[in-house]
Amino acid sequence: AQSVTQLDSHVSVSEGTPVLLRCNYSSSYSPSLFWYVQHPNKGLQLLLKYTSAATLVKGINGFEAEFKKSETSFHLTKPSAHMSDAAEYFCVVSDRWNQGGKLIFGQGTELSVKP
Amino acid sequence: DTGVSQDPRHKITKRGQNVTFRCDPISEHNRLYWYRQTLGQGPEFLTYFQNEAQLEKSRLLSDRFSAERPKGSFSTLEIQRTEQGDSAMYLCASSRSGGQGLDTQNFGPGTRLTVL
């Protein structure tokens with residue numbers, strides 16, 4: 001069975017400082033991994049996805065994530081936080097070979113950005 | 001590309017009533033997914049369609065829940081005899097199936113259901 005564990009339910013950073021949101025995954029197959037962001041009262045937006053090409057994946061708004069198979073991790077980073085980054089972030093796994101492609105979400109990490 | 005739309009955005013109902021939600025996917029997307037998100041949790045998969053065929057249902061989808069996609073375009077999710085535990089955000093997503101693997105799922109804004 002596939003699952004993801006987001007290691008922090010809440011992360012608080014100051015504007016301009018780095019962001020690290022941690023995610024570990026479990027998958028019996030070669031996984032596809034995603035990070036989605038959810039701003040209050042808005043829909044889920046895809047930040048980036050890993051599908052076995054490059055292990056370092058660049059996404060929108062300056063975010064990137066690195067797939068580390070040996071550590072079963074897919075942590076999300078950004079060099080410098082902006083106030084507009086405050087939101088809920090979800091790490092997501094899917095079975096790459098499952099043609100259905102259903103997504104398994106983590107519990108979410110709430111990111112707060114202090115001025 | 002007008003995105004995935006859902007209607008209504010909010011629904012308040014009394015316990016025991018039936019409710020129906022609608023999802024309009026991106027027009028060229030042949031896959032449509034329903035998820036449920038409760039407060040403080042990540043979305044959970046409920047069911048998905050490829051064209052008009054419902055190909056997978058989660059065990060979360062009790063007998064009171066039914067979903068349809070009659071012509072392979074919009075979809076409806078009906079909950080019969082609602083219970084307070086059904087209060088949640090119901091999310092719809094659509095994607096286009098590729099030759100191998102999956103394509104990105106685009107999410108709608110959701111329908112927030114409150115059962116009193």
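Results, tabulated for the structure shown:
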| read-out | value |
| --- | --- |
| Within straight-line cross-link reach of residue B:11, lysines at Cα separation under 19 Å, skipping those fewer than 8 residues along the same chain | A:42 |
| Theoretical FRET efficiency, 1/(1+(r/R0)^6), r = Cβ-Cβ of residue A:22 and residue B:55, R0 30 Å, to 0.05 | 0.35 |
| FRET efficiency, residue A:55 to residue B:41 (Cβ-Cβ, R0 25 Å, nearest 0.05) | 0.30 |
| Sequence-distant residues sharing a close amide H with residue A:82 (under 5 Å, placed H) | A:16 |
| Mean Cα-pair separation over length for chain A, i.e. relative contact order, pairs under 8 Å, 6 or more apart, % | 37 percent |
| Low-density loop cleavage sites - trypsin sites (Lys or Arg not before Pro) in the range B:68-98, where at most 13 other Cβ are within 10 Å (DSSP) | B:71, B:81 |
| Cα gyration tensor shape for the range A:34-101, rounded if a/c is under 1.5, else prolate or oblate | oblate |
| Per DSSP, loop GluC sites (Glu not before Pro) in the range B:25-116 with at most 11 further Cβ within 10 Å | B:28 |
| Cα-centred dipole magnitude for chain B, charges only on beta-carbon of K, R (+1) and D, E (-1), debye, nearest 20 | 380 debye |
| Within straight-line cross-link reach of residue A:58, lysines at Cα separation under 18 Å, skipping those fewer than 8 residues along the same chain | A:49, A:68, A:69, A:78 |
| Table column - 3J(HN,Hα) (Hz), the range B:82-96, Karplus curve with 6.51, -1.76, 1.60, x for Gly and Pro | 4, 10, 4, x, 7, 4, 4, 9, 9, 10, 10, 9, 9, 8, 10 |
| Alpha carbon centroid spacing (whole Å) that separates the range A:20-82 from the range B:1-60 | 24 Å |
| Cα-based reach from residue A:102 at 14 Å (exclusive), listing aspartates and glutamates while leaving out same-chain residues under 8 positions away | B:44, B:56, B:103 |
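Values in this text are rule-based calculations from the coordinates and carry no lab data. What you see is a predicted model, and the numbers here were worked out from it, not measured in a lab. Neighbour counts are summed over all protein chains in view; Cβ atoms, including those assigned to glycine, are modelled from backbone coordinates with ideal geometry.
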